[in-house]
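A quick write-up on the structure given underneath.
The values are calculated or read from the model by the stated rules, or taken from the named source; none is laboratory data. What you see is a predicted model, and the numbers here were worked out from it, not measured in a lab. Virtual Cβ from ideal backbone geometry, glycine too; neighbours counted across all protein chains shown.
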Amino acid sequence: MGVFPSLFYGCSSVGRALVSKTRCREFEPLYPCKIKREIYAIMKKIKAYFASVYDELVRKVTWPKWSELQSSAIVVMVASLIFALVIFVMDFAFKGLLEWVYGLFY
């Protein structure tokens with residue numbers, strides 16, 4: 001109960017009797033305490049998740065060197081230019097072909 005002690009203060013697993021002149025013979029269960037414990041458990045899991053993410057990024061990931069990063073970026077740019085040129089040529093060829101086909105009917 002170290003991190004969020006206020007979540008457990010005043011909680012009971014049984015319930016409490018209502019004190020009122022109009023509702024004096026009823027019993028109210030304390031479900032909010034159970035919900036607070038569930039929230040605490042979820043928050044604990046989220047904290048553990050982010051701790052493991054940080055640990056993996058800092059200690060387990062092998063980051064590329066600057067020269068490797070530059071060479072990879074150049075390869076990606078050249079491949080993108082080649083791909084764009086191929087699409088341009090195909091578009092130009094299909095445009096000419098379709099203009100020729102439409103010219104036959106008009």
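Any residue that is loosely packed, with under 10 Cβ neighbours inside 10 Å, in contact with a Gly (Cβ under 8 Å, 6 or more places away or on another chain) and modelled with pLDDT under 95 - is there at least one of those in the stretch 18-27? Yes.
Within the stretch 51-73, the only residue that satisfies the criterion of being β-branched (V, I, T) and either at positive phi or surrounded by 10 or more Cβ atoms within 10 Å (Cβ to Cβ) (or both) is V53. Looking at (1) within 29 Å of the chain's Cα centre (by Cα); (2) part of a helix (DSSP H, G or I), can you tell me which one F88 breaks? Unmet for F88, out of (1) within 29 Å of the chain's Cα centre (by Cα); (2) part of a helix (DSSP H, G or I): (1). When E56, E38, E68 are checked against the criterion of being at pLDDT below 90 and either out of contact with any Ser or Thr (no Cβ under 9 Å at 6 or more places or on another chain) or of a type in the set (D, E, K, R) (or both), a single residue qualifies: E38.
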